[in-house]
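Report on the structure given below.
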Amino acid sequence: MFPALALLILGIVGVGYGPRIFVVGLYHPEMQHWIIRIHVMLVSLWLCTFAVQTGLAAMGRLDWHRRIGPWGFGVGAVWVVSALLALAVLLHLDPTTGAESFILVTRIGVFAICLAMAYRMRRTPAEHKRWMILGMSQAIIGGIERLPVQGLANNFPNSALVALLIPLSLAAYDWITLKRLTGATLWGGTLILIVHLIRTPISETSGWLAVAHWIGALNI
């Protein structure tokens, strides 16, 4: 179950983000900013680490998995910071993306919370791996939105709904195998659902748009 979900996530990132960011994207004007370039490098490093850790866990090499763990959490934490800085750069370059920027903030925030919970529960594998999958389910919404699939391409509402299938699949797996929901699935899934329901309305409020304008004006 978990290696399959991890492979699905990596596949979505490769197909959705790959052509836009890791290939053509590097030649776009906004990609020339040094913060954006560092962020893309950290994303690549995180994805490689995520893939390696998934493989080690699937092969039962938990000793190596635990050794690499602190490195992985460090990369993930720095990635969160770089994502927020990259968002500030994009707001400066294109102030009209104020509403979209809040969507990105929520995705970054949910990933950061799930990463922190995964670190806290690192001694409890069942909870740890669920928190990691839940965090990645929100990080890849942009990749889903860029898949060459009718109804998903450039359609955030539909892409966000598709991303909800990952926490729903965890809930179904828990119920079938354990007859209950684990703490990670319950609380992480609830967090994701609440954020999903409130982020679009908040993103269009004058209050957030004013905050986004102020962030863009910082000229980071």
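The values are calculated or read from the model by the stated rules, or taken from the named source; none is laboratory data. In this text the structure is predicted, and so the values were computed from the model without any measurement. So basically every Cβ, Gly included, is an ideal-geometry build from the backbone, and we count neighbours across all protein chains shown. We work out accessible area using only protein heavy atoms, side chains counted, and drop any ligands, DNA or RNA first. Shrake-Rupley method; radii C 1.70, N 1.55, O 1.52, S 1.80 Å.
Taking the criterion of being of a type in the set (G, A, S), free of Cβ contacts under 8 Å to residues at least 24 places away in the same chain and not in a helix (DSSP H, G or I), would at least one residue in region 146-167 satisfy it? Yes, the conditions are met somewhere in region 146-167. In this entry, T106 passes the filter for residues that are among the hydroxyl-bearing types (S, T, Y), over 24 Å from A58 (Cα atoms) and under 16 Å from the mean Cα position of the chain (by Cα).
With L165, L134, L161 as the choices, which residue is among the hydrophobic types (A, V, I, L, M, F, W, C), closer than 30 Å to V211 by Cβ and open to solvent by 60 Å² or more (accessible area, probe 1.4 Å)? That would be L161, the only listed residue that is among the hydrophobic types (A, V, I, L, M, F, W, C), closer than 30 Å to V211 by Cβ and open to solvent by 60 Å² or more (accessible area, probe 1.4 Å). So which residues in region 80-117 are over 22 Å from M41 (Cβ atoms) and among the aliphatic types (A, V, I, L, M)? If the condition is that a residue be over 22 Å from M41 (Cβ atoms) and among the aliphatic types (A, V, I, L, M), then A99, I103, V110, I113, A116, M117 are the ones that fit. Candidates in region 173-186 are the residues that are in contact (Cβ under 8 Å) with a residue 40 or more places away in the chain and assigned to a helix (DSSP H, G or I); of these, the one that is most open to solvent (accessible area, probe 1.4 Å) is Y173. Within the span defined as region 135-142, one or more residues are touching a residue at least 40 places away in the same chain (Cβ under 8 Å) and not in a helix (DSSP H, G or I). Hey, does region 62-73 have a residue that's surrounded by fewer than 19 Cβ atoms within 10 Å (Cβ to Cβ), of a type outside the set (D, E, K, R) and without any contact (Cβ under 8 Å) to a residue 12 or more places away in the chain? The answer is yes, given that some residue of region 62-73 is surrounded by fewer than 19 Cβ atoms within 10 Å (Cβ to Cβ), of a type outside the set (D, E, K, R) and without any contact (Cβ under 8 Å) to a residue 12 or more places away in the chain.
Going through region 193-216 one residue at a time, which ones are open to solvent by 70 Å² or more (accessible area, probe 1.4 Å), part of a helix (DSSP H, G or I) and in contact (Cβ under 8 Å) with a residue 60 or more places away in the chain? Across region 193-216, the qualifying residues are L209, H213. Taking the conditions (1) over 14 Å from the mean Cα position of the chain (by Cα); (2) at pLDDT 95 or above in turn, T96 satisfies each one other than (2).
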